[in-house]
Amino acid sequence: MIDLAPTIQSDIRSRIHDQLAAHDNELLPCFYAVTGSHLYGTNSASSDIDIKGFHCADGSRYMVFDTPESQLSFETSIPAANSSIEVTSYELKKFGEMLLKSDFSIVELIDSNLDVYVWDQMLLQGIEDILVDMWPTELPVRYLGMAESIYIRDVKEATPTNPSDLKPYVYSLRGCLAAEYVQTHDEVEPRLQLLAEQLLEGENNEQVQQLIAALRGNQLPDWTVLTAVEQLINEKLEAIEASQFDTEHRTNYQDELAEWMLSVRRQTGTR
């Protein structure tokens, strides 16, 4: 996981402010954190730094013919970080909808402790409490859906010829292990190395660590490692049973999310 220097975090905050203001000077940046390979522990020296978060537009615009854009994206470069910075900023309504759909990337973001900007810590306290008290039961389904689609499309019977071809193996495996971890721990763990150490034993764990090392070192691992990881993904996909959909839980979760979103509007003066 990355540890950004305070000066770099300050530069990132300034870029976010400037980009949002250039688009609409009434947008208020609220919360942003590092995600992607730097959060998963699979980044190489050339990896971009991915940042996601949310901003608030004037909520009254949803009641007229001036609906704010749900998502803004931009790329910037900060010399001190020696890397490109890719930022995705969601309007609060979209951010809440993604939480309602148990988007694991957003849940991981809130739980990551890799914040680069928080307008007010109290904004996060509310959603953190919700995720503790009303854990999104659909998370394993989302993880497994991602893992299976990548496995079928990019891993099964694949023949990697360069290090970038390892990413589908990593993402599919991470989805499988993250789903299992959520079911057994009721919390998310985005880092693949720790997932493997917690859930795998012996040679399986060693093979995964070799895969991570190869990706981070921009190298191809021994073919036996890829074969073993592909087999492990297939076994996990067949073995892990996703939790059943709970309508009552989803309704209560939605109500709590809606109240949190309204409280954010009140706190930020964007209601």
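Here are a few things to note about the model shown:
- Residues in the range 124-139 that are closer than 19 Å to T35 by Cα and touching a residue at least 40 places away in the same chain (Cβ under 8 Å): L124, I127, L139.
- Among the criteria (1) modelled with pLDDT under 95; (2) assigned to a helix (DSSP H, G or I), the one M98 does not fulfil is (1).
- In the range 177-193, the residues that are within 14 Å of the chain's Cα centre (by Cα) and under 18 Å from A239 (Cβ atoms): A178, A179
- The helices (runs of 4 or more DSSP H) falling completely within the range 114-210 that include 1 or more residues that are under 24 Å from S44 (Cα atoms) map to 139-150, 167-185, 192-199.
- Odd one out for S44, checked against (1) within 26 Å of D255 (Cβ to Cβ); (2) in contact (Cβ under 8 Å) with a residue 60 or more places away in the chain; (3) outside any strand (DSSP E or B): (1)
- Any hit, the range 127-142, residues being modelled with pLDDT of 95 or more, surrounded by fewer than 21 Cβ atoms within 10 Å (Cβ to Cβ) and β-branched (V, I, T): no
- Test: residue in the range 90-106 that is more than 29 Å from G175 (Cα to Cα) and touching a residue at least 40 places away in the same chain (Cβ under 8 Å): no
- Filtering the range 98-135 to residues that are under 18 Å from Q183 (Cα atoms) and polar (S, T, N, Q) leaves S102, S105.
- Selection from the range 225-248 of residues that are surrounded by 15 or more Cβ atoms within 10 Å (Cβ to Cβ) and either part of a helix (DSSP H, G or I) or in contact with a strand residue (DSSP E or B) (Cβ under 8 Å, 6 or more places away or on another chain) (or both): V225, L226, A228, V229, E230, L232, I233, N234, K236, L237
The values are calculated or read from the model by the stated rules, or taken from the named source; none is laboratory data. For clarity, every value in this text was computed on a predicted model and none was experimentally measured. We place every Cβ from the backbone using ideal geometry, glycine too, and count neighbours over all the protein chains shown.
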